[in-house]
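The values are calculated or read from the model by the stated rules, or taken from the named source; none is laboratory data. What you see is a predicted model; the values in this text were computed from it and never measured. Because the Cβ atoms are built from the backbone with ideal geometry, glycine has one as well, and the counts that use them run over all protein chains shown. The accessibility values were calculated without ligands, DNA or RNA, using every heavy atom of the protein model including side chains. Shrake-Rupley method; radii C 1.70, N 1.55, O 1.52, S 1.80 Å.
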Amino acid sequence: MGKVIVVTSGKGGVGKTTSTAALGAALAQNGAKVVVVDFDVGLRNLDLVMGAERRVVYDLVNVIQGEAKLTQALIRDKRVETLFLLPASQTRDKDNLTPEGVEKVITALKSAFDWVICDSPAGIERGATLAMRHADMAIVVTNPEVSSVRDSDRIIGLLDSKTLRAENGETIEKHLLLTRYDSARAERGDMLKVDDVLEILSIPLLGIIPESTDVLRASNVGSPVTLADGRSAPAIAYFEAARRLKGEALPIVIPGDKRGLFGKIFGRRAA
Amino acid sequence: MGDFEADGSIVNHLLTISSLQPCNPKLTKLNDVLTQPRPVRLKGRSFLALALSPELPLDDWLVQLDNLAARSAGFFLRRPIVLDLANLEIGLDELRELVNNLALRKVRIIGIEGAKGSMLAPDLPPPLLDGRAASDIEVPAVDETSAPTVAAHSVTTVSAAPKAWGSIFVNQPVRSGQSLHYAEGDVTIIGSVASGSEVIAGGSIHVYGALRGRAMAGTMGNSTARIFCRKLDAELIAIDGFYLTAEDLEPSLRGKPVQIWLERETIKVAEIV
């Protein structure tokens, strides 16, 4: 039985789709069977970042409405053969996602894949709540600035109340992925520091992705950053985050900071 | 938001509307008390009342009630009791007789819920509206087979001071967008209260973490309620309808462990050392 992860944030433009693609590719490169699912019906982007936009025939809504089989809608990545994409529909709207339909699709994917990574739309409405509904684990993508942090806090509250696990009285594992981190700006006080974000959100840190032009460049050529250039700083950060997802205890280094902050950060993990 | 008087001290506003609606103290309307002499303060009170739902035939129901009273003596003494007539088809005379019969059993009715307008004679208890269902009340030492339904409703009356606080503990942070209401007593949060969230308590509020959202204590008209937090960064604090916004707070207290209380209608904030 695979693990279902939702990549969510509340706020838009913080890097959910980029992170979904990068983590999905990183996990799949080690041989695990991975499917990335785009829940952003009407504003899909994951197909572009994965470089699969020309190969979309059927989508999530088609599967939910019984117009296509799941196997017809899944798109296999051309670079990593254990990586699949289930695209969202661009022409339909979110009302076509039904709770029963989503449950059926997620259950089917769980039995066939090791990791099911759901790319949540921004916001706290239907699309976002359905994307998190069946998750075993959540990755909360946050930029080091106040509005993103507050929205993430809101999303964490929803994860603790609106997911199936929460309703059954279980807890959902939540991890913070801090993206677009610029150490120089954080030092100058233009951005929140890692400690500040951790203190406010009080969930464990999965990784810190440095702000980098490599990310944009990779997106533009339709490649997850972990496939485009495995040695770039953001790719390394994503690879490490993927290993932590699998349970490895890797030290987290704040970009631009020479000291290893393993003890410091782990000492402050509040939740 | 804080208005400065000539001597520079901050005067608190009075949240009149919120005080009148004890269970929903949303900050909807602000009353300008500065231009007026001291206003008459109306405060809401919420009590838990027993709601009796008589069933036809009334004689049989009264026998059942007697059985219940016999098994748990004094159960109805000193409890506010409301008569719920929503599902009962009786006339005015029968209602008078019922109220008298209950009075003979020392069951005093403080109000009638769900009655038709024609039933509300001036010699009968006053009508009550908008009761909210609470959990069923356990009748002590009851034989389950013949127990009549005794459901509790909370009703709003304006009278004596509240007593017997409860308390709840929240073992996780209060997240942005969440609203925690606990009218019955004190709230203790082991964690932080996030920006964009609110905690509303009938009693005091204790935050073992940073208070970044709104905290409203003593909302049921309890001016002795206090707010405590490890780190003050609140958007708004209120006690018994008096409030201060973040702007009104002394900047030097920001980030400090503090306690907040009400002293002669002025909110006081002091660092806990």
statement: The condition of being closer than 14 Å to residue B:200 by Cα, surrounded by 19 or more Cβ atoms within 10 Å (Cβ to Cβ) and of a type in the set (D, E, K, R) holds, among B:240, B:248, only for B:240
Enumerated helices (runs of 4 or more DSSP H) restricted to region A:207-271, each holding at least 3 residues that are surrounded by fewer than 15 Cβ atoms within 10 Å (Cβ to Cβ) and at pLDDT 90 or above: A:213-220
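Rundown of residues vs (1) farther than 23 Å from residue A:104 by Cα; (2) without any contact (Cβ under 8 Å) to a residue 24 or more places away in the chain; (3) open to solvent by less than 10 Å² (accessible area, probe 1.4 Å), yes/no style:
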site	(1), (2), (3)
A:5	no, no, yes
A:15	yes, no, no
A:18	yes, no, no
A:27	yes, no, yes
A:33	no, no, no
- prompt: For region B:199-217, how many residues meet the condition of being touching a Ser or Thr at 6+ places or on another chain (Cβ under 6 Å), within 14 Å of chain A (Cβ to nearest Cβ) and not aliphatic (A, V, I, L, M)?
  reply: 3
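Are any of the residues in region A:111-122 among the small types (Gly, Ala, Ser), within 14 Å of chain B (Cβ to nearest Cβ) and within 20 Å of residue B:195 (Cα to Cα)?
Quick first cut of region A:111-122, residues among the small types (Gly, Ala, Ser) only: A:111-112, A:120, A:122.
Okay, now just the ones that are also within 14 Å of chain B (Cβ to nearest Cβ), so none.
Scanning region A:111-122, I find no residue that is among the small types (Gly, Ala, Ser), within 14 Å of chain B (Cβ to nearest Cβ) and within 20 Å of residue B:195 (Cα to Cα), so the answer is no.
Using the structure shown, decide if residue B:48 is modelled with pLDDT of 65 or more, under 27 Å from residue B:185 (Cα atoms) and open to solvent by 60 Å² or more (accessible area, probe 1.4 Å). Walk me through how you get there before you give the answer.
Numbers: modelled with pLDDT of 65 or more: yes; under 27 Å from residue B:185 (Cα atoms): yes; open to solvent by 60 Å² or more (accessible area, probe 1.4 Å): yes.
Yes, satisfied.
Somewhere in region A:124-135, is a residue closer than 23 Å to residue A:248 by Cβ and modelled with pLDDT of 95 or more? First the steps, then the outcome.
Taking region A:124-135 and keeping what is closer than 23 Å to residue A:248 by Cβ, we get A:135.
Next, from what is left, pick out any that are modelled with pLDDT of 95 or more: A:135.
The answer is yes, given that some residue of region A:124-135 is closer than 23 Å to residue A:248 by Cβ and modelled with pLDDT of 95 or more.
Matching residues to (1) among the hydroxyl-bearing types (Ser, Thr, Tyr); (2) within 14 Å of chain B (Cβ to nearest Cβ); (3) within 16 Å of residue A:16 (Cα to Cα):
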{"site": "A:62", "(1), (2), (3)": "no, no, no"}
{"site": "A:78", "(1), (2), (3)": "no, no, no"}
{"site": "A:90", "(1), (2), (3)": "no, no, no"}
{"site": "A:102", "(1), (2), (3)": "no, no, no"}
{"site": "A:105", "(1), (2), (3)": "no, no, no"}
{"site": "A:127", "(1), (2), (3)": "no, no, yes"}
{"site": "A:151", "(1), (2), (3)": "no, yes, yes"}
- prompt: Looking at region A:107-149, which of its residues are outside any helix (DSSP H, G or I) and more than 16 Å from the chain's Cα centre (by Cα)?
  reply: A:113, A:125, A:144, A:145
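May I ask you to list the residues in region A:153-176 that are small (Gly, Ala, Ser) and within 13 Å of chain B (Cβ to nearest Cβ)? Working first, answer last.
The initial filter retains those residues of region A:153-176 that are small (Gly, Ala, Ser), namely A:157, A:161, A:166, A:169.
If the condition is that a residue be small (Gly, Ala, Ser) and within 13 Å of chain B (Cβ to nearest Cβ), then A:157, A:161, A:166 are the ones that fit.
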Count of region B:156-198 residues which are over 22 Å from residue B:82 (Cβ atoms) and either at pLDDT 90 or above or within 14 Å of another protein chain (Cβ to nearest Cβ) (or both): 30
- line: Per the list (1) over 22 Å from residue B:195 (Cβ atoms); (2) in a loop (DSSP other than H, G, I, E, B), residue check on residue B:256 breaks on (1)
- request: State the number of residues belonging to region A:167-191 that are aliphatic (A, V, I, L, M), more than 24 Å from residue A:132 (Cβ to Cβ) and either in contact with a Cys (Cβ under 7 Å, 6 or more places away or on another chain) or surrounded by 16 or more Cβ atoms within 10 Å (Cβ to Cβ) (or both).
  value: 2
field: Residues located in region A:72-118, provided they are of a type in the set (Ser, Thr, Tyr) and modelled with pLDDT under 95
entry: A:89, A:91, A:98
- prompt: Could you say which residue among B:268, B:256 is surrounded by fewer than 19 Cβ atoms within 10 Å (Cβ to Cβ), in contact with a strand residue (DSSP E or B) (Cβ under 8 Å, 6 or more places away or on another chain) and without any contact (Cβ under 8 Å) to a residue 12 or more places away in the chain?
  reply: B:268
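What is the residue count in region B:218-231 for residues that are closer than 19 Å to residue B:171 by Cα and away from chain A (no Cβ under 14 Å)?
Within region B:218-231, residues that are closer than 19 Å to residue B:171 by Cα and away from chain A (no Cβ under 14 Å) number 3.
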message: Going through A:229, A:196 one at a time, which residue ends up being within 14 Å of chain B (Cβ to nearest Cβ), farther than 16 Å from residue A:20 by Cα and among the charged types (D, E, K, R)?
response: A:196
